[in-house]
Amino acid sequence: MDPIDFVIVGSGWRAEFFLRVAAVMPDRFRCLGVTSRDAGKRAALEATWEVSAYATPEEMLNATDPLYAISAVSWDANPDVIKRLAGGGMPVLSETPPAPDVDGLIDLYASVKGAKVQVAEQYHLRPMPAARLATIRDGTLGEVSQAQVSAAHGYHGISMIRKCLGVMYEPASISACAFACPVVAGPGREGPPAAERIIESEQHIARFQWDGKLGVLDFDGEQYFSGIRNNRYLIRGTRGEIIDDTVAYLEDFKTPVSLTYARQTTGDEGSLDGNHLVDIRLGARQVYRNPYAPARLSEEEIAIATCLDAMAASVRNGTDFYPMTEACQDHYLVLMYQQALKSGKTVQTQRMPWDQL
């Protein structure tokens, strides 16, 4: 099978994730080009990644023939890039949130409605979240009515809550609060801290109520890279619950069972197969299989590779994996919880133009 050909508009930190995945699996993914307005940055991209770099998307698309384009630019620039690419008939995988505010979301949706646009929301495609979602889908927990997620900020966390609860565009009642507390600063995108430093880290707790379902988003700004601010999941259904990596459920009405997700990996002790994730099991059940084994990818890179494959399937057969409508809804819910946080009042969401129900 030929590799999936794509191009990238943008050259920042997130764009490099796509470049790394393509570099590790050149037989599966091939980046035909990347853009940067800075000549020095273009030279560095070509030298580092052995990829052609262009000054503008138009120049790049005139020189290449990709299956789709990835928009990996800033929030402010993203809507215009998506419109330009989609308006020219190019399928788009948008890496960043689609637009920064409600008016921008409505305008962008109206502009690209019917175009081939998906958003690279990778959190639900990471191996452990995917394993939890598989456990929900197979009925182990019964009907799920509560999801508390402390693993990602904003639209990332909200997308996980919606998927755990099976909620789409239904109106929600939202309340929120914030709490700031001191903590030793952890690593950042650039690596470990140079010295010990105490910072004020703000924690947001937002409560979303749909009809018979509760979602709680709880996130501290230090959580992403800190070794002392860990992620937490609580997902409850009629027949069981998931707490982080442990699943408790009823085999029958009087027989509770408790199991722990187990990652199967290679490369440890006497294994000579190289270091990679094989699958995730819950007891004897395989609840997640790594489709890219034995490639040496982080779990974030596995999720990004899954986005690249899913976008190709979307272009070829029209299947959605995280369409513009869901991306707009998740960021809309972020904006509404921020409104609740600022006002101190409960906010009721409304049906929006992208509502597909």
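Hey, any hits in segment 219-229 for a residue that's over 19 Å from the mean Cα position of the chain (by Cα), of a type outside the set (Gly, Ala, Ser) and either closer than 20 Å to LEU335 by Cβ or exposed (fewer than 10 other Cβ atoms within 10 Å of the Cβ) (or both)?
Yes: one or more hits.
Output the residues belonging to segment 60-79 that are among the charged types (D, E, K, R) and over 17 Å from ALA15 (Cβ atoms). Don't jump to the end; show me each part of the working.
Here is the first cut: in segment 60-79, the ones among the charged types (D, E, K, R) are 65, 76.
Scanning segment 60-79 gives a single hit, ASP65.
Does segment 319-335 contain any residue that is over 23 Å from TYR233 (Cα atoms) and without any contact (Cβ under 8 Å) to a residue 40 or more places away in the chain?
yes
Output the qualifying pairs, or none if there are none: Cβ atoms under 9 angstrom, residues six or more apart or on different chains, first residue in segment 170-186 and outside the structural domain of SER226 (by TED's automatic domain parsing) and on the phi > 0 side of the Ramachandran plot, second residue surrounded by 15 or more Cβ atoms within 10 Å (Cβ to Cβ) and not in a loop (DSSP other than H, G, I, E, B).
Listed pairs, sorted by first residue: none to list.
Looking at segment 104-120 only, could you name the residues that are among the β-branched types (Val, Ile, Thr) and within 9 Å of LEU93 (Cβ to Cβ)? Lay out the reasoning, then the answer.
Looking only at segment 104-120, we keep the residues that are among the β-branched types (Val, Ile, Thr), and these are 106, 112, 117, 119.
Those that are among the β-branched types (Val, Ile, Thr) and within 9 Å of LEU93 (Cβ to Cβ): VAL117, VAL119.
Within the bounds of segment 304-327, is there any residue that is in contact with a Cys (Cβ under 9 Å, 6 or more places away or on another chain), aromatic (Phe, Trp, Tyr) and not assigned by TED's automatic domain parsing to the domain that holds LEU32? It would help to see each step written out before you state the result.
Of the residues in segment 304-327, the ones in contact with a Cys (Cβ under 9 Å, 6 or more places away or on another chain) are 321-322.
If we keep only those that are aromatic (Phe, Trp, Tyr) too, we end up with 321-322.
Checking which are not assigned by TED's automatic domain parsing to the domain that holds LEU32 leaves us with 321-322.
The answer is yes, given that some residue of segment 304-327 is in contact with a Cys (Cβ under 9 Å, 6 or more places away or on another chain), aromatic (Phe, Trp, Tyr) and not assigned by TED's automatic domain parsing to the domain that holds LEU32.
Looking at this structure, is GLN203 outside any helix (DSSP H, G or I), within 21 Å of the chain's Cα centre (by Cα) and closer than 22 Å to GLY344 by Cβ?
yes
What is the one condition in (1) exposed (fewer than 14 other Cβ atoms within 10 Å of the Cβ); (2) among the hydroxyl-bearing types (Ser, Thr, Tyr); (3) under 20 Å from the mean Cα position of the chain (by Cα) that TYR292 does not satisfy?
That leaves (1) as the condition not met.
Could you list, in sequence order, all residues of segment 253-270 that are surrounded by 11 or more Cβ atoms within 10 Å (Cβ to Cβ) and either outside the structural domain of ALA131 (by TED's automatic domain parsing) or under 22 Å from ARG296 (Cβ atoms) (or both)?
Correct list: TYR261, ALA262, ARG263, GLN264, THR265, THR266, GLY267.
How many of the residues in segment 123-137 are over 20 Å from VAL278 (Cβ atoms) and of a type outside the set (Phe, Trp, Tyr)? Steps first, please.
Start the filter on segment 123-137 by keeping residues that are over 20 Å from VAL278 (Cβ atoms), which leaves 123-124, 136-137.
Still in the running and of a type outside the set (Phe, Trp, Tyr): 124, 136-137.
The number of residues fulfilling the criteria is 3.
Yes/no matrix, rows are residues, columns are (1) at pLDDT below 95; (2) under 22 Å from HIS156 (Cβ atoms); (3) touching a strand residue (DSSP E or B) at 6+ places or on another chain (Cβ under 9 Å); (4) buried (at least 21 other Cβ atoms within 10 Å of the Cβ):
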site: ALA63; (1), (2), (3), (4): no, no, yes, no
site: ALA69; (1), (2), (3), (4): no, no, yes, yes
site: ASP76; (1), (2), (3), (4): yes, yes, no, no
site: ILE82; (1), (2), (3), (4): no, yes, yes, yes
site: LEU85; (1), (2), (3), (4): no, no, yes, yes
site: LEU93; (1), (2), (3), (4): no, yes, yes, yes
site: THR96; (1), (2), (3), (4): yes, yes, yes, yes
site: PRO100; (1), (2), (3), (4): yes, yes, no, no
site: TYR109; (1), (2), (3), (4): yes, yes, no, no
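Which helices (runs of 4 or more DSSP H) does segment 1-95 wholly contain that include 3 or more residues that are small (Gly, Ala, Ser) and farther than 18 Å from ALA120 by Cβ? Quick ask: steps written out before the conclusion?
Details: elements: 15-24, 39-49, 57-63, 78-87.
Because the criterion is at least 3 residues that are small (Gly, Ala, Ser) and farther than 18 Å from ALA120 by Cβ, the helices (runs of 4 or more DSSP H) in segment 1-95 that meet it are 39-49.
So ALA151 ticks every box in (1) crowded, with 19+ Cβ neighbours inside 10 Å; (2) farther than 30 Å from TYR261 by Cβ; (3) modelled with pLDDT under 95 but one. Which box is left unticked?
The single condition ALA151 does not satisfy is (2).
For GLY270, which of the numbered conditions (1) without any contact (Cβ under 8 Å) to a residue 24 or more places away in the chain; (2) within 27 Å of THR140 (Cβ to Cβ) fails to hold?
Here GLY270 meets the rest and fails (2).
Considering segment 163-201 alone, what residues qualify as being of a type in the set (Lys, Arg) and within 29 Å of HIS124 (Cβ to Cβ)?
LYS163, ARG189 - these are the residues of segment 163-201 that are of a type in the set (Lys, Arg) and within 29 Å of HIS124 (Cβ to Cβ).
So which of ILE161, ILE174 is among the aliphatic types (A, V, I, L, M), modelled with pLDDT of 95 or more, part of a helix (DSSP H, G or I) and surrounded by 17 or more Cβ atoms within 10 Å (Cβ to Cβ)?
Sole residue among the options that is among the aliphatic types (A, V, I, L, M), modelled with pLDDT of 95 or more, part of a helix (DSSP H, G or I) and surrounded by 17 or more Cβ atoms within 10 Å (Cβ to Cβ): ILE161.
The values are calculated or read from the model by the stated rules, or taken from the named source; none is laboratory data. Model, not experiment: these values are computed from the prediction. In this analysis, Cβ positions are derived from the backbone assuming ideal geometry, glycine residues included, and neighbour counts consider all displayed protein chains.
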